[in-house]
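The values are calculated or read from the model by the stated rules, or taken from the named source; none is laboratory data. Please read these numbers as outputs of a predicted model, since none were measured by experiment. Every residue, glycine among them, receives a Cβ derived from its backbone with ideal geometry; neighbour counts consider all protein chains shown.
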Amino acid sequence: MVSVVTPTYNEADNVGPLVDALNEALGDLPHEIIVVDDDSPDRTWEVAGAIADADPRVRVVRRFDNHGLSPAVMAGLGAARGEVLAVIDADLQHDEAILPEMVRRVRDGEADLVVGSRATDGGSYGEWGAGRRVVSWVATLIARLFLRVPTTDPMSGYFALSKATFDEMAPHINPQGFKILLEFIGRRRHRLRVAEVGFTFRNRVAGETKMSPSVIRSYLLAVVELWVGRQVKGQFVLYSLVGASGVVVNLVAFALVESLDFGAISVGFGRPLRWSLLVGIQVSIVWNFLLNNYFTFWERRFRGRSLVVGLVLFELVSALGVIVHVSVFQFLESTNWGDRALGEDAARIAHDGVGFLVALVSNYYLNVNYLWGRRNSV
Ligand code: GDD
Ligand code: MN
């Protein structure tokens, strides 16, 4: 069976003609049509409900919260029963005549996802003016450049995919705004096999578009989000957040001990080591260990007795960081960097902070690959 999901918001005049057009285009192909309406003020849900009463192939989902095109599409896909799923706008702008060909390609395993494209052979933006064409061209170029999406029309709201693909990817989709297709094809980890079928974008006859500059803005944000998500791992973001809190803890401990004025210990070579530096480092090591254990690396955390083992290991791993930290600090102290601008005391705190940051990065590698690496998983 084919499940056709169509999101609606104030499409009362379009939903009837759409259902007729889909039934006509799909012919004998067993199918269901799922209208997902966000409680439209024009009562699209009611019109669709009356159609569903007369046609068992039609179902209506009326939603009341988390308003929006993408979440509506996800709700419809999630409720679908077919082995091939399709999404089409309700306003008749997408040409339903190519739907059987899109479905066939998914069903025959030629692709995981098929895009109804306005920019490929046989496709066109129809009667769009120069302005809209340029906006669409630029947005498409950006998505292709940054995400290398394998489609000529990443902003299309018309596509078909296999149920298996949907089931696998759905938990990773972040449904916001109009960018739903981008969410499916913009990820590197799930590289889908994408095919295209061209169609001519029709003009809207009834109702109004919900497209707006804010939709374009959120589309651009989505591109950036997907792109950034590939450059840095979420784990490093968490680790950095913990590190940032560690800087604060380190600086507070450092400043506190400085104010108690224990001075420095001479270890026999070079410049004497300040107690404040050593205490600050030790306090932040414990702090960072606990936070990383219970936050960054929660799935692989040390528990119970092994917590002590973990801390000892963390101290060892951090030893490298401590050497880096101390070296950077001693070096900056020797250059008197910032002394004149900040005063000697504040400059010393700044030297400590820089040392911490450099050490933070050098430690990350060891922490991820060794300490909370797979071998230690519980
Ligand atoms: N349930 C629900 N909730 N449906 C919505 C919402 C919403 O918040 N916003 C829009 N829709 C429905 C509309 O009723 C219509 O069926 C479809 O989504 C597309 O909305 P339009 O407002 O007609 O968008 P458009 O034609 O300007 O935008 C087209 O081009 C965009 C970019 O090129 C569509 O094909 C979009 O999918 C596409 O992203
Ligand atoms: Mn439209």
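If I filter region 195-234 down to residues being hydroxyl-bearing (S, T, Y) and under 27 Å from I98 (Cβ atoms), which single residue comes out as nearest to the chain's Cα centre (by Cα)? Talk me through it step by step, then tell me what you get.
Start the filter on region 195-234 by keeping residues that are hydroxyl-bearing (S, T, Y), which leaves 200, 209, 212, 214, 218-219.
In the following step, the residues that additionally are under 27 Å from I98 (Cβ atoms) were identified as 200, 209, 219.
Values: T200: 31, T209: 26, Y219: 12 Å.
The qualifying residue nearest to the chain's Cα centre (by Cα) is Y219.
Examine region 262-282 for a residue that is of a type in the set (S, T, Y) and surrounded by fewer than 19 Cβ atoms within 10 Å (Cβ to Cβ), and state whether such a residue exists. Spell out how you get there, then give the answer.
At the first step, the residues of region 262-282 found to be of a type in the set (S, T, Y) are 266, 276.
Filter once more, so that each one left must be surrounded by fewer than 19 Cβ atoms within 10 Å (Cβ to Cβ): 266.
Checked against the condition, which is being of a type in the set (S, T, Y) and surrounded by fewer than 19 Cβ atoms within 10 Å (Cβ to Cβ), region 262-282 yields at least one hit.
Which one is surrounded by the fewest Cβ atoms within 10 Å (Cβ to Cβ) among residues in region 1-29 that are assigned to a helix (DSSP H, G or I) and of a type in the set (D, E)?
Selected residue: E24.
Pick from S214, S259, S218: which is assigned to a helix (DSSP H, G or I), loosely packed, with under 13 Cβ neighbours inside 10 Å and within 16 Å of ligand 1 (Cβ to nearest atom)?
Being assigned to a helix (DSSP H, G or I), loosely packed, with under 13 Cβ neighbours inside 10 Å and within 16 Å of ligand 1 (Cβ to nearest atom) holds for just one of S214, S259, S218, which is S214.
Table: residues versus (1) modelled with pLDDT of 85 or more; (2) closer than 20 Å to T296 by Cα; (3) among the charged types (D, E, K, R).
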| residue | (1), (2), (3) |
| --- | --- |
| V237 | no, yes, no |
| V249 | yes, yes, no |
| S259 | yes, no, no |
| S266 | no, no, no |
| R271 | no, no, yes |
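Just one of (1) at negative phi; (2) more than 16 Å from ligand 2 (Cβ to nearest atom); (3) modelled with pLDDT of 95 or more trips up G116, so point out which.
G116 satisfies every listed condition except (2).
Do the conditions hold for N174, that is, is it within 13 Å of ligand 1 (Cβ to nearest atom) and not small (G, A, S)?
It is false that N174 is within 13 Å of ligand 1 (Cβ to nearest atom) and not small (G, A, S).
Does L113 satisfy the condition of being more than 11 Å from ligand 1 (Cβ to nearest atom) and either touching a residue at least 24 places away in the same chain (Cβ under 8 Å) or outside the structural domain of D37 (by TED's automatic domain parsing) (or both)?
Yes; evaluated as a whole, the condition is true for this residue.
Table: residues versus (1) at pLDDT 90 or above; (2) of a type in the set (G, A, S).
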| site | (1), (2) |
| --- | --- |
| G304 | no, yes |
| V308 | yes, no |
| V312 | yes, no |
| L320 | no, no |
| V326 | no, no |
| N363 | no, no |
| S377 | no, yes |
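Based on this model, can you work out whether R105 counts as among the basic types (K, R) and either part of a loop (DSSP other than H, G, I, E, B) or touching a strand residue (DSSP E or B) at 6+ places or on another chain (Cβ under 9 Å) (or both)?
yes
Counting residues that are within 24 Å of L291 (Cβ to Cβ) and without any contact (Cβ under 8 Å) to a residue 12 or more places away in the chain, which helices (runs of 4 or more DSSP H) fully inside region 302-378 reach at least 1?
Values: elements: 306-335, 339-342, 344-366.
Filter on region 302-378 gives 306-335, 344-366.
Of the residues that make up region 89-104, is at least one within 15 Å of A195 (Cα to Cα) and either β-branched (V, I, T) or within 16 Å of ligand 2 (Cβ to nearest atom) (or both)? Walk me through it before giving the result.
Residues of region 89-104 within 15 Å of A195 (Cα to Cα): 98-104.
Those still in the list that are either β-branched (V, I, T) or within 16 Å of ligand 2 (Cβ to nearest atom) (or both) too: 98, 103.
The answer is yes, given that some residue of region 89-104 is within 15 Å of A195 (Cα to Cα) and either β-branched (V, I, T) or within 16 Å of ligand 2 (Cβ to nearest atom) (or both).
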